[in-house]
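Single-structure report; data block below.
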Amino acid sequence: MSVLLAISRTFLRLNNCFCRRETRPPDSARYISKLETPTLALEVAFFGGAEKAGSANPEETQVVARCLKKANCYVPKSPWIETWTKSFGDLTMPSGAWNGIKLVEIHGNRAFLGISNHLMEIDIESGRPKWSVVTGNTPVYQVMSSQNGENLIVFNGGNIVAIDFTGNEIWRSELPSEDDFFANPPYFDEGTLKSASWKGFTCSIDQRTGKILEREFTK
């Protein structure tokens, strides 16, 4: 037993030496959307992006994604090690890109990013896109897993869409009315998918079909 303990301690000392290769978040990033699991971290960072006069869209917005893993998954305090970085270049993004949007989702051992108006799956080991699909005519503001874990729910400015894990559209949400649209990202409330509309209705949405089950005026 003492031999095993000595080997274990030696391994931990070697691991601690290796763990000194820490990585830091980009200091110049204007906004970072990030999600962490116990062993994996994925982020999308926006650089630059000075707003044009009279326009809501910043210009010269460089978008970069990167993946980090724990130096040792068996050591909770082990630092993050950058495994890859991928640049998506200069993309037109809304001013909302700096206001707490969620563009990253990790589902099991699979990673998904919302980039501009595309949802894509990223290979965790290399950063290469496996597939990419257009989810709307406005940029993505939120990506999250469905309550049953069978697909992804994506919020573009105004619409909500469900995409399966191979990039196929399952449904596109029914709008609250012909002249109304969803103003806020969807969320789960006691298992029910909900979102608020521009005209002040909180809508309950069927997670299987995207149909509106109930509308309640809340403001």
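Quick rundown of the values:
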{"read-out": "All positions within segment 171-197 that are farther than 15 Å from V154 by Cα and either in contact (Cβ under 8 Å) with a residue 40 or more places away in the chain or touching a Pro at 6+ places or on another chain (Cβ under 8 Å) (or both)", "value": "G191, S197"}
{"read-out": "Set S204, S197, S177: member being over 26 Å from R110 (Cβ atoms) and at pLDDT 95 or above", "value": "S204"}
{"read-out": "Conditions (1) farther than 21 Å from N117 by Cβ; (2) of a type in the set (G, A, S); (3) outside the structural domain of F112 (by TED's automatic domain parsing): number failed by S195", "value": "(1)"}
{"read-out": "Complete set of residues in segment 139-173 that are among the polar types (S, T, N, Q) and either in a strand (DSSP E or B) or surrounded by fewer than 17 Cβ atoms within 10 Å (Cβ to Cβ) (or both)", "value": "Q142, S145, Q147, N148, N156, N159, T166, N168"}
{"read-out": "Residue list for segment 176-219, filter: among the aliphatic types (A, V, I, L, M) and surrounded by fewer than 19 Cβ atoms within 10 Å (Cβ to Cβ)", "value": "A183, I212, L213"}
{"read-out": "Of all residues in segment 126-138 being surrounded by fewer than 16 Cβ atoms within 10 Å (Cβ to Cβ) and of a type in the set (S, T, N, Q), the one that is modelled with the highest pLDDT", "value": "S132"}
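The rows are residues; the columns are (1) modelled with pLDDT of 95 or more; (2) in the same structural domain as E36 (by TED's automatic domain parsing); (3) of a type in the set (A, V, I, L, M); (4) closer than 28 Å to S197 by Cβ.
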| residue | (1), (2), (3), (4) |
| --- | --- |
| F88 | no, yes, no, no |
| M93 | no, yes, yes, yes |
| G96 | no, yes, no, yes |
| G100 | no, yes, no, yes |
| G114 | no, yes, no, yes |
| L119 | yes, yes, yes, yes |
| I124 | no, yes, yes, no |
| N159 | no, yes, no, yes |
| I163 | yes, yes, yes, yes |
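The values are calculated or read from the model by the stated rules, or taken from the named source; none is laboratory data. Predicted, not measured: the structure shown is a model, and the values here were computed from it. Neighbour counts are summed over all protein chains in view; Cβ atoms, including those assigned to glycine, are modelled from backbone coordinates with ideal geometry.
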